[in-house]
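Notes follow the structure.
Bear in mind that the values in this text are calculations on the coordinates, not laboratory data. These numbers come from a predicted model, not from an experiment. Quick reminder, even Gly has a Cβ in these numbers, built from the backbone with ideal geometry, and neighbours come from all protein chains shown.
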Amino acid sequence: MVVFANRYAVLVLNVVSLTAIARLVTPAETGLFSVAASIVLLAQALRDFGIAEFLVQEKELTDDKIRTAFGLNLLLAWSLGAVIFFLRNWIVEVYQAPELGRLVAIGCLSLLVAPFSSTILALLNRDMNFVALMKVSVLSSLVGLVVSVGAAALGGGATALSLGMLASNVTTAVTAGFLLPSWEHLIPSLREWRRLSAFGLFISGTNLANQLGARVPELVLGRLLGFAALGQFNRSRGIVFLFYELIVSSVNTVAFPALSSAHREGHDLREPYIRCTTLVSGTVLPVLAVFSLVADPFIRVAFGPNWVEAARMAPLLAMGAGIAVLAPISSQVLSATGQVRLLLRLTLLTQLSLTFFMAAFSVFGLMWLAFGLVLHNIVALVLTADALRRCIGLQLGQLLRASVPSIGLTVGSTIVPALFLLWRKSFGDLPLFTLACVAALATVSYLFCAYAFRHPVTAEIAVLLRQTSSVLRRRPRAVVPPG
């Protein structure tokens with residue numbers, strides 16, 4: 001419950017941030033920031049070097065290994081930050097955007113502070129200390145929100161977004177430092193570098209491949225289609241994955257340490273994975289489907305008229321995300337079982353598919369690009385299913401059957417809202433009224449269909465309601481004064 005509370009709190013902050021910034025920062029400025037952020041995130045993928053995953057899954061974790069993890073993080077982050085900083089003028093020449101140099105320089109500062117938080121967060125994740133992780137996550141998101149919105153209100157444009165990212169990273173490092181069990185862990189060492197490198201080489205390759213697949217197309221789009229088109233595309237994709245990540249990232253946070261523990265104890269992972277797939281798809285698919293119905297009024301109300309193009313792409317991007325959710329937490333399964341070579345192979349093939357479809361379809365415009373991503377997600381699903389078969393013996397048929405109840409639940413949850421939208425057209429354009437009615441109808445339809453179809457998600461809803469009721473019934477004990 002703490003994990004979901006964390007994600008919901010961060011979701012609220014992200015929605016507030018996106019809503020405010022969309023009215024203060026133009027699509028072109030958003031695209032400019034996306035290019036700078038993509039460069040820094042590529043460096044972050046190299047900097048991570050699989051160190052966090054190593055600390056979580058390592059059976060015999062010693063102080064030397066923890067110090068080595070911090071030492072490697074420090075060495076890689078500061079080296080990469082220096083290289084990117086000195087290359088910033090060349091980057092400016094490539095994109096013919098002088099402001100980009102300042103954004104890249106600010107991003108390099110984020111690389112300098114990252115090592116001080118990543119090791120600590122990995123140790124908290126290993127111990128499943130989700131309360132501490134929630135404190136770090138919520139506070140860093142809040143500080144990032146205040147800084148980015150405040151700077152944007154003062155006319156900061158793309159620079160405001162970079163400052164917000166830096167403020168969030170600094171807050172994460174400072175807050176994580178107060179939660180550190182022992183300051184001795186921040187004494188850098190390289191004593192166990194061979195042990196970490198053997199594991200981190202493949203994980204680092206996987207992370208880099210993921211970031212290359214996600215960021216290189218953005219860098220290309222910014223150069224070919226312009227910063228404004230890139231801003232529209234990222235806004236649409238960001239909204240879709242805001243809903244997607246709300247559920248999936250919460251599961252990921254819990255799944256990796258739990259799966260690592262189950263694997264160390266020799267348990268079969270197929271049954272828990274199938275159950276996880278049913279629960280995740282039963283939650284995410286209906287949300288994405290309903291959002292697809294109201295993408296246009298939602299984006300116009302939340303972000304204003306500058307983002308109409310983002311609304312047109314949203315249903316296709318939501319379809320792609322829905323296909324991806326049919327095989328959730330696959331990378332966590334492969335990492336938890338130590339199948340880092342198989343994970344690297346899967347990542348490389350998946351990112352090759354992504355690069356191919358984005359390169360082939362982006363030349364025809366943003367809508368064709370969104371359609372290409374749907375095709376990519378179909379290919380990625382087949383590749384992921386094959387990797388799961390090799391890793392835990394899960395067949396494609398079993399994987400698809402796990403989501404059949406969720407597909408039925410999704411259809412049942414969207415029929416009434418879809419009929420309402422058809423009927424509502426005769427009343428003119430009332431976006432707020434439309435959103436409120438669709439949200440209410442979709443919620444009632446979802447709960448009715450979930451219990452009528454006896455979907456497994458109902459058990460989780462019952463647990464959540466009991467926990468919430470228990471919290472609400474608690475009363476502080478009366479303090480009796482002495483004497």
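When each of the peptides 282-291, 207-216 is scored by how many other beta carbons lie within 10 Å of its residues on average, the order from highest to lowest is 282-291, 207-216.
Going by the alpha-carbon gyration tensor, a ≥ b ≥ c the square roots of its eigenvalues, is the range 1-224 rounded (a/c under 1.5) or, if a/c is not under 1.5, prolate (a/b greater than b/c) versus oblate? Here the range 1-224 falls in the oblate category.
State the volume of the convex hull built on the alpha-carbon positions of the range 227-467, expressed per residue in Å³ and rounded to an integer.
Values: hull volume 32.9 nm³, N = 241.
Considering the Cα atoms of the range 227-467, their hull volume per residue is 137 Å³.
The chymotrypsin sites (Phe, Trp or Tyr not before Pro) of the range 307-404 meeting both criteria, a DSSP state outside H, G, I, E and B (loop) and at most 12 other C-beta atoms within 10 angstrom of the site's C-beta, are Phe364. Going from the residue with the fewest nearby Cβ atoms within 10 Å to the one with the most, Glu460, Glu218, Glu245 rank Glu460, Glu245, Glu218. The string of couplings for the range 130-140 from the Karplus curve (6.51, -1.76, 1.60, θ = phi - 60°) is 6, 5, 5, 4, 5, 4, 5, 5, 5, 5, 5 Hz, one whole number per residue in order, with x for Gly and Pro.
Among Met134, Met165, the order by Cβ neighbours within 10 angstrom, fewest to most, reads Met134, Met165.
Evaluating 6.51 cos²θ - 1.76 cosθ + 1.60 at θ = phi - 60° for every residue in the range 297-310, the Karplus couplings come out as x, 4, 6, 5, 6, 6, 10, x, x, 6, 10, 4, 4, 5 Hz, glycine and proline recorded as x.
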